[in-house]
Amino acid sequence: MSQNHTSDLSNSNLPMPARYMQMYGRFWDVVSLLIFGFTAITTLTAEPLTWREYVVSGLCILQGVLYFFTIAGGRWIKSRQRLAMYFIGGLAMWLLSNWLNPLTWWLAFAYFGQMFGVLPPQAVIPGTAFIMICVTLIISDWQFSAIDSGAAIGFFFQWLAGNVLYLFIFGIARTSRQRAGLIQKLEAAQRELEAARQQDAELATLRERERVARDLHDSLGHSLVALSVQLEAIQRLYKVDPERASAQVDELKNLTRASMDELRRSLAGLRAPGLGERKLGEALQTLCVDVGQRAHLEIRCDADEHVNTLPLAHAETLWRVAQEALTNVERHAQARHVTVTLKVETHTVLMTIQDDGRGLPPNAENQSGHFGLRGMRERVEGLGGTLTLSNNNGSNLRVSLPLF
């Protein structure tokens, strides 16, 4: 077979897998051409030679030529029209050869094998039945009354056994192809999922960089501008009012210390690792203690013991949400008390973070500078959960994640 067309062997109508189809095709290429050539040569060695032998030999050669150019010299995967042309033309020449010389009836077995290789079951069964009927009639000299019942029964069981075996192999091959197709689809889906995960990770990294950049701009950037303006004012005041200039220097010291504290918090948030090998309950307790000491907040953390058995994706999301929420409380809420509650129910894990601060402004998520709120919601909804923000004597954040 031509190697340029092996990709056509993936056709789902093939009676066997592509690799075996190639081997099977090459085998029948050789066998069929040898059969046609051998029949042509042996016919010419018969005695006496008459015009019938020359015609039969020529018909055998023509069958080989038709086979070569239609099947062997091209592709085994053909259109229905070309296959119909080959088998109708070939069987017509075979029947004519048998009319001239009945000894060529055994050429039928070459067509048997070819049908099993290139035709679907709906064509193989009637096609091979037609050939066996013709063989039975040829042996009986085309006389229905002369048909040997034993030979007819033998041919019938040969035809039946051949088709049963063919259908069995066809069914196994089709199931194998379907499984291979499913495996390919699963592998493709896995590659797409991995690409999507990588893209999500890159987007999360970009969002985090943007958040840190905004934090530094809003805190350290504004402080540096204020420092620059006040230094210029102090430089002018020292000439006319040294006492007032000295007081402003003290204010600059306080502003500088506050800016340094803000910078440290931003850098700590930038370096904050994920859970890693830590248990979620312990990590939350540590986070609450650190934030409480740094921001002079009284933070109560109540975590169910079962939270340490949550799936990694759920634990990481809850940790990140708590981290971001407590950072917002520290920076914006002006609160004194915070309560963090985390509990696992039958099919859900719930986390609430309640503070007694000034509450969230209207449409907080849509306001400039509140990208952390959107990031929390995206993380939670990415796992099929919900995040609710409300004001109730302060701000209240509630996260619900389903457990499957």
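The values are calculated or read from the model by the stated rules, or taken from the named source; none is laboratory data. All values reported here derive from a predicted model rather than from experimental measurement. Cβ coordinates were reconstructed from backbone atoms using ideal geometry, including for glycine residues, and neighbour counts include every protein chain displayed. SASA here: full protein model, heavy atoms, side chains in, ligands and nucleic acids out. Shrake-Rupley method; radii C 1.70, N 1.55, O 1.52, S 1.80 Å.
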Margin query: Being at pLDDT below 80, farther than 30 Å from Asn254 by Cα and not hydroxyl-bearing (Ser, Thr, Tyr): is that true of Gly221 here?
Written below: no
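Report, by residue number, each residue of the range 177-197 that is among the polar types (S, T, N, Q) and at pLDDT 80 or above. Spell out how you get there, then give the answer.
Taking the range 177-197 and keeping what is among the polar types (S, T, N, Q), we get 178, 184, 190.
Correct list: Gln184, Gln190.
Residues Thr317, Thr339, Thr309, Thr346: which one is more than 14 Å from Leu403 (Cα to Cα) and not aliphatic (A, V, I, L, M)? Quick ask: steps written out before the conclusion?
Values: Thr317 fails: more than 14 Å from Leu403 (Cα to Cα); Thr309 fails: more than 14 Å from Leu403 (Cα to Cα); Thr346 fails: more than 14 Å from Leu403 (Cα to Cα).
Every option except Thr339 fails the conditions.
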Check: Given the residues Gln334, Gln323, Gln285, which is the only one that is out of contact with any strand residue (DSSP E or B) (no Cβ under 7 Å at 6 or more places or on another chain), among the polar types (S, T, N, Q) and open to solvent by 50 Å² or more (accessible area, probe 1.4 Å)?
Finding: Gln334
Notebook entry, point to check: Hey, does the range 159-171 have a residue that's under 19 Å from Met115 (Cβ atoms) and of a type in the set (S, T, N, Q)?
Noted result: yes
Notebook entry, point to check: So which residues in the range 7-23 are open to solvent by less than 50 Å² (accessible area, probe 1.4 Å) and either modelled with pLDDT of 60 or more or β-branched (Val, Ile, Thr) (or both), if there are any at all?
Noted result: Met21, Gln22
Next item on the list: Search the range 224-267 for residues being of a type in the set (S, T, N, Q) and at pLDDT 80 or above, and hand back the single one that is nearest to the chain's Cα centre (by Cα).
Entry: Thr256
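Which ranges mark the helices (runs of 4 or more DSSP H) fully within the range 33-133 that have 2 or more residues being exposed (fewer than 14 other Cβ atoms within 10 Å of the Cβ) and at pLDDT below 80? Walk me through it before giving the result.
Working: elements: 51-67, 80-100, 108-118.
Those helices (runs of 4 or more DSSP H) span 80-100.
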